[in-house]
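The values are calculated or read from the model by the stated rules, or taken from the named source; none is laboratory data. Nothing here was measured: the structure is a model prediction, and the numbers come from that model. Using ideal geometry, Cβ is built from the backbone for each residue, glycine included, and neighbour counts are taken over all protein chains shown. Calculation scope for accessible area: heavy atoms of the full protein, side chains included, ligands and nucleic acids excluded. Shrake-Rupley method; radii C 1.70, N 1.55, O 1.52, S 1.80 Å.
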Amino acid sequence: MTKQPTHWWQSATVYQIYPRSFADSNGDGMGDLPGIVSKLDYLQQLGIGVIWLSPIFQSPMADNGYDIADYEAIAPIFGTLEDFDRLIAEAKARGIGILMDLVVNHTSDHHRWFIDARSARTSRYRDFYVWRDAGSDGGLPNDIQSTFGGPAWTLDEASGQYYFHQFAKEQPDLNWENPEVRAEIYAMMNRWLDRGIAGFRMDVINLIAKEPDRGITADGPKLHEYLQEMHRETLAGRDVLTVGESWSATPESALLYSGRDRRELSMVFQFEHVMAQWHETWGKWQPKPFDLVGLKRIISRWQEALADDGWNSLFWGNHDLPRAVSKYGDDKGYRVESAKMLATVLHFLKGTPYVYQGEEIGMTNVPFTSIAQYRDIETLNMHRLHLEAGLPEADFIAGANENGRDNSRTPMQWSAGPNAGFTSGTPWIDVNPNHTQINVEAAEHDPLSILAHYRRLIALRKEMRIIVDGRYRSWLDEHPDVMAYTRSVADQSIMVVANFTARSVTVDVPQALRRKWVTVIGAAAPADVLPATLSLGPFEANVWATAASVDG
Ligand code: GLC
């Protein structure tokens, strides 16, 4: 086994902020950069080393900023460049780096490149985007569908050609085949890096090398060539964290993205565990029941494949996903227990953990009852398409309640006060009514809160090298209710054992684990050698350590 070089981001925890919904400083109902600055002490106490900011650039906000109109300017609703510089400096003073969200698969249709490109076929920017003539039948160039529903091609009447967009029609895809496009992007990245950011989260990076004429959207043949070029032109020689979003990543491709000699990215976000729970045709709108054995199999596969090279990112939630405790835990009877259990299971895996804002206080999905309460472009588009397809509206709302993106986008719950202390104005999206119970202020006063648990987990990663380096091994693979794994170095192992159900369960302890343990987190380990049967209460999760490797 080759020893991996150690990077600062391997022992850091990243906290994702959705700026619109985090903290509003000026009462316009939208979070902003000064709001984030005002919460930096809170984040420092949490112990995180990095903030990933969802996009804050100038944007018409068709997709809440994932449609960028100017890569050089901050959206006025979020603040100014001075505010951003202050955020970088104030965060740095607290040992926190800032990751920007790099959205370069597409721009907004309001970007000056696109406005110019569509103005004439002869525009100097025409080839910055992907244009095609109508198909032989006079209609769409081909049948590629967009992620947000409907065709991935929209006719530009004036110039008589179709442009390609893998998301909304307001998000035209950039043409990465064009070296000028790539040069513009690298120059822009360098300007932000020079400004002092700690790296980038790269939006749908698996899609940039599309070849639509061949039906190729994800993982195009030139993808890794482009990423290596990007590395050479921007990242080389800088000690930054880069994480690429890839819904198509496999453990094999993750090694290409993040392998130590590849010179591409630090790591990728992969979504196998998310998509395993979706319906084959209707995707997330018709979720499948939770299957722990399947989830464990996926986690183990990723842990093992990236054991010696490459690096995992670890997350339960983000701004596109439902709330972790609602999805994988029990947000009713056992909210606190299950949120802590999920955090424990994730934070002892090998990789860099990501905490999505509000997860650290156990924020839940939001019980919207009407489509009028939803704001997300994907949810609204899919709602229309489902009704057009004759599906009952109630079914769609049920699916959106479970998996819609707005679940994670309701305002951060700071207090039990009006609008959860998020804004003094009218929030852009309804606040979850449960903020009266679930909020930061309440958690601060409770030593047994989910928040206190997160603080402990994040601190442990910095104290215990075994959490960063230890070899992963799974146990009890076929147990339907319990997840168990160990992390080992030559002279130590830690064991994580967690009950994913609201029932008490027992497990047969494998011979190799029947030894003497000491408690790291959770219930006290037995005073003597661990017996052959172990009982766990609802959502109980324990982490114990022993002074030898159980891997043999
Ligand atoms: C990514 C983002 C998502 C966005 C999409 C298009 O999946 O996480 O929020 O809508 O890309 O940019």
Qualifying residue in the range 89-99 (condition: in contact with a helix residue (DSSP H, G or I) (Cβ under 8 Å, 6 or more places away or on another chain), farther than 21 Å from Tyr186 by Cβ, within 15 Å of the ligand (Cβ to nearest atom) and small (Gly, Ala, Ser)): no
Every residue from the range 61-115 that is closer than 19 Å to Asn175 by Cβ and aromatic (Phe, Trp, Tyr): Tyr66, Tyr71, Trp113, Phe114
Some residue of the range 474-493 being in contact (Cβ under 8 Å) with a residue 60 or more places away in the chain, closer than 30 Å to Pro55 by Cα and assigned to a loop (DSSP other than H, G, I, E, B): no
Where a residue in the range 126-147 is of a type in the set (Lys, Arg) and its partner, wherever it lies, is open to solvent by less than 90 Å² (accessible area, probe 1.4 Å), with Cβ under 6 Å and at least six apart: Arg126/Ala117; Arg132/Pro141; Arg132/Tyr162
Residue list for the range 92-130, filter: acidic (Asp, Glu) and more than 20 Å from the chain's Cα centre (by Cα): Asp109, Asp116, Asp127
Residue list for the range 246-265, filter: part of a loop (DSSP other than H, G, I, E, B) and either more than 30 Å from Leu476 (Cα to Cα) or away from the ligand (no atom under 16 Å from the Cβ) (or both): Thr250, Gly259, Arg260, Asp261, Arg262, Arg263, Glu264, Leu265
Any pair with Cβ under 6 angstrom, 6 or more apart, that starts in the range 505-523 at a residue that is touching a residue at least 12 places away in the same chain (Cβ under 8 Å) and ends at one that is surrounded by 17 or more Cβ atoms within 10 Å (Cβ to Cβ) and among the hydroxyl-bearing types (Ser, Thr, Tyr): Arg515/Thr546; Trp517/Thr546
Of the criteria (1) surrounded by fewer than 21 Cβ atoms within 10 Å (Cβ to Cβ); (2) among the aliphatic types (A, V, I, L, M); (3) touching a residue at least 40 places away in the same chain (Cβ under 8 Å), which one Ile98 fails: (1)
Helices (runs of 4 or more DSSP H) (entirely within the range 266-364) containing at least 2 residues that are more than 19 Å from the chain's Cα centre (by Cα) and within 26 Å of Gly244 (Cβ to Cβ): 292-305
Residues within the range 10-55 that are within 16 Å of the ligand (Cβ to nearest atom), touching a Gly at 6+ places or on another chain (Cβ under 7 Å) and either under 19 Å from Leu451 (Cα atoms) or open to solvent by less than 10 Å² (accessible area, probe 1.4 Å) (or both), tallied: 5
Pick from the range 76-88, criterion open to solvent by 30 Å² or more (accessible area, probe 1.4 Å) and assigned to a loop (DSSP other than H, G, I, E, B), ranking: nearest to the ligand (Cβ to nearest atom): Ile77
Sole exception among (1) within 16 Å of the ligand (Cβ to nearest atom); (2) in contact with an Asp or Glu (Cβ under 9 Å, 6 or more places away or on another chain); (3) under 21 Å from Gly149 (Cα atoms) for His386, by number: (1)
Residue count, the range 60-75 (criterion: within 19 Å of Ile17 (Cβ to Cβ) and within 10 Å of the ligand (Cβ to nearest atom)): 6
Residues (touching a Pro at 6+ places or on another chain (Cβ under 9 Å) and under 17 Å from Lys327 (Cα atoms)) located in the range 289-316: Asp291, Leu292, Val293, Leu314, Phe315
Ala502 being out of contact with any Leu (no Cβ under 9 Å at 6 or more places or on another chain), among the hydrophobic types (A, V, I, L, M, F, W, C) and surrounded by fewer than 21 Cβ atoms within 10 Å (Cβ to Cβ): yes
Qualifying position, being buried (at least 17 other Cβ atoms within 10 Å of the Cβ) and within 16 Å of the ligand (Cβ to nearest atom), among Ala218, Ala198: Ala218
Answer residue from the range 376-434, given it is among the acidic types (Asp, Glu) and without any contact (Cβ under 8 Å) to a residue 24 or more places away in the chain and is surrounded by the fewest Cβ atoms within 10 Å (Cβ to Cβ) among those: Glu388
Asn407 vs. criteria within 16 Å of the ligand (Cβ to nearest atom) and under 16 Å from Thr364 (Cβ atoms): yes
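A quick yes/no check of all residues on (1) touching a residue at least 40 places away in the same chain (Cβ under 8 Å); (2) open to solvent by less than 10 Å² (accessible area, probe 1.4 Å):
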{"site": "Glu245", "(1), (2)": "yes, yes"}
{"site": "Ser248", "(1), (2)": "yes, no"}
{"site": "His279", "(1), (2)": "no, no"}
{"site": "Lys288", "(1), (2)": "no, no"}
{"site": "Trp302", "(1), (2)": "yes, yes"}
{"site": "Leu321", "(1), (2)": "yes, yes"}
{"site": "Val336", "(1), (2)": "yes, no"}
{"site": "Tyr356", "(1), (2)": "yes, yes"}
{"site": "Glu359", "(1), (2)": "yes, no"}
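Of all residues being touching a helix residue (DSSP H, G or I) at 6+ places or on another chain (Cβ under 6 Å) and open to solvent by less than 20 Å² (accessible area, probe 1.4 Å) in the range 145-174, which is farthest from Thr281 (Cα to Cα)? Just the residue, please.
My answer is Asp156.
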